[in-house]
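Notes to accompany the following structure.
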Amino acid sequence: MRTEPVPGIQPAVMRWARQTIGLSVQDVAARLKRPVEEVEAWESESGAGAPSYAQLEKLAYQIYKRPLAVFFLPTPPEEISPEREFRTLPNADLQSLAADTHMQIRRAHAFQIALKELFDGRNPSEQLIWQQIRLTRDASIVQQAQAIRRHLGISLEIQTGWKNDDLALKQWRQAIENSGVFIFKAPFKQKDISGFCLLDQAFPLIYINNSTSKTRQTFSLMHELAHLLLSINGLSKFDNRYIEQLPQAEKQIEQFCNAVAAEVLIPLSDFEHQTRTFPADIERVGEEQFSNLANRYGVSREAILRRFLDQGRVSDAFYARQSKLWAGQQKPGSGGDWYASQNSYLSDRFAKEVVSRHYRNQLSVEQAADLLGIKAKNFAGLEQRILNGAAA
């Protein structure tokens, strides 16, 4: 019966399912509205208890987001934990990732598996950027950033011709996807995570937090690309203070990736030319001048201020204070069109391949919808958005 304990559930599997989504026993008990001691008993090696079938279904589908069959395995399956997979966050931060962030990482791995199946194990791009460009911390940041620009085919003239932040993000994203890197987005519930990347010989992937401005997303995109070109899985936060908590080697990696992203997006030679008439005391520069520079490069005012900080022209205290002020001024995005939002979350090339295979009768509506992460009833509406072109 559905109310009786389910036989054969291993405590180690129950414990693994909870821990791999970053929940405490207290969290699970609260969501199930059951005593903490009852949940603890399910994970006890003494075999003192087990959930009912109804409880197991809720755990699997609503809380742990795992297939029901996983809970009948004799031992936990092998799975790389964030602590082993990412080196670019302090251990304390990795161990306290929100359940939603664990879900986004898991979903990104699922996208990589789907990409290998959709494209028969071969990346459709002809010029794979990670095979052409290998970043190294021993070489010139300026020259390496120029190499990235050349590979992406985006000159400063092209960049400064973009009319708004949306277009800038879309163009950088499209150029990087054309170079073989698949880019997905999602509105993270853990707001301080800017994004992450996952290495793969054929299908590297960048995953960006959509819950912030387009200019911040653009910088995050370039930062994660630098991780990939260093052959490193990366998981990053918006607040750069986390870098100071890293071991020395990882700290240098994050500082390097920030420097590469800044040089690609805001070339130093042009930046110095544009600011040649600025006062020596940058802290006296008006908001309009910061905004004009940010608009020129399609980046945030904070990225411009960071350039001045790296040159030693503003204090750490001023940078921290002004960045916090500007972050508070960012307006959250409106709900908008649901289909447009879902389209913007998906890699353009991935989404178009799913639709193409559906048209060739290689995927059913249900299979295509599952790959896109939506319900089958919504496939037709999203299909039209995908065919009309990528969104930023």
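The values are calculated or read from the model by the stated rules, or taken from the named source; none is laboratory data. Because the structure is predicted, anything quoted here is derived from the model rather than measured. Glycine gets a Cβ as well: all are built from the backbone with ideal geometry, and neighbour counts include every protein chain shown. Side chains are part of the model used for accessible areas, which takes the heavy atoms of the whole protein and leaves out ligands, DNA and RNA. Shrake-Rupley method; radii C 1.70, N 1.55, O 1.52, S 1.80 Å.
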*asked:* Out of the residues in segment 9-26 meeting the condition of being outside any loop (DSSP other than H, G, I, E, B) and open to solvent by 40 Å² or more (accessible area, probe 1.4 Å), tell me which one is nearest to E83 (Cα to Cα).
replied: Q19
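On the given criteria, is Q245 touching a Pro at 6+ places or on another chain (Cβ under 7 Å), farther than 24 Å from P187 by Cβ and surrounded by fewer than 18 Cβ atoms within 10 Å (Cβ to Cβ)?
Answer is yes for this residue.
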*Scan segment 117-138 residue by residue and report those that are over 28 Å from E272 (Cβ atoms) and open to solvent by less than 80 Å² (accessible area, probe 1.4 Å).*
L118, F119, G121, N123, P124, S125, L128, W130
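Residues are listed down the side, and each one gets a yes or a no for (1) at positive phi; (2) touching a Leu at 6+ places or on another chain (Cβ under 7 Å); (3) open to solvent by 10 Å² or more (accessible area, probe 1.4 Å); (4) free of Cβ contacts under 8 Å to residues at least 60 places away in the same chain:
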{"residue": "G180", "(1), (2), (3), (4)": "yes, yes, no, yes"}
{"residue": "K191", "(1), (2), (3), (4)": "no, no, yes, yes"}
{"residue": "F203", "(1), (2), (3), (4)": "no, yes, no, no"}
{"residue": "R216", "(1), (2), (3), (4)": "no, no, yes, no"}
{"residue": "A226", "(1), (2), (3), (4)": "no, yes, no, no"}
{"residue": "D239", "(1), (2), (3), (4)": "no, no, yes, yes"}
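Let's see how each residue does on (1) outside any strand (DSSP E or B); (2) under 23 Å from G328 (Cα atoms):
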| position | (1), (2) |
| --- | --- |
| Q171 | yes, no |
| Q174 | yes, no |
| K185 | no, yes |
| K191 | yes, yes |
| G195 | no, yes |
| F203 | yes, no |
| T215 | yes, yes |
| S220 | yes, yes |
| E224 | yes, no |
*asked:* If I ask for residues that are charged (D, E, K, R), in contact with a Ser or Thr (Cβ under 8 Å, 6 or more places away or on another chain) and closer than 15 Å to K214 by Cβ, which ones from segment 125-179 would you list?
replied: D165
*Unique match (being part of a helix (DSSP H, G or I), open to solvent by 40 Å² or more (accessible area, probe 1.4 Å) and touching a Ser or Thr at 6+ places or on another chain (Cβ under 8 Å)) among R321, R296*: R296
*Check whether at least one residue in segment 276-299 is under 20 Å from Q171 (Cα atoms), touching an Asp or Glu at 6+ places or on another chain (Cβ under 9 Å), among the polar types (S, T, N, Q) and modelled with pLDDT of 90 or more, and report yes or no.*
yes
_So if I check each of A376, A303, which one is touching a Ser or Thr at 6+ places or on another chain (Cβ under 9 Å), touching a residue at least 60 places away in the same chain (Cβ under 8 Å) and within 29 Å of Q174 (Cβ to Cβ)?_
A303
*What residue, among those in segment 299-309 that are out of contact with any Leu (no Cβ under 9 Å at 6 or more places or on another chain) and open to solvent by 10 Å² or more (accessible area, probe 1.4 Å), is farthest from V285 (Cα to Cα)?*
S300
*Return the total of residues in segment 269-278 being over 16 Å from L309 (Cβ atoms) and out of contact with any helix residue (DSSP H, G or I) (no Cβ under 7 Å at 6 or more places or on another chain).*
4
_Suppose we keep only residues that are aromatic (F, W, Y) and in contact with a Gly (Cβ under 9 Å, 6 or more places away or on another chain) within segment 334-373. Which one would you say is farthest from A175 (Cα to Cα)?_
W338
_Quick test for you: out of A114, A98, A108, pick the one residue that is touching a residue at least 40 places away in the same chain (Cβ under 8 Å), among the small types (G, A, S), more than 30 Å from D270 (Cβ to Cβ) and open to solvent by 30 Å² or more (accessible area, probe 1.4 Å)._
A98
_Unique match (being among the aliphatic types (A, V, I, L, M) and either open to solvent by less than 20 Å² (accessible area, probe 1.4 Å) or at pLDDT below 90 (or both)) among I158, I141, I63_ = I63
_Can you tell me how many residues within segment 81-112 are among the aliphatic types (A, V, I, L, M) and more than 17 Å from the chain's Cα centre (by Cα)?_
1
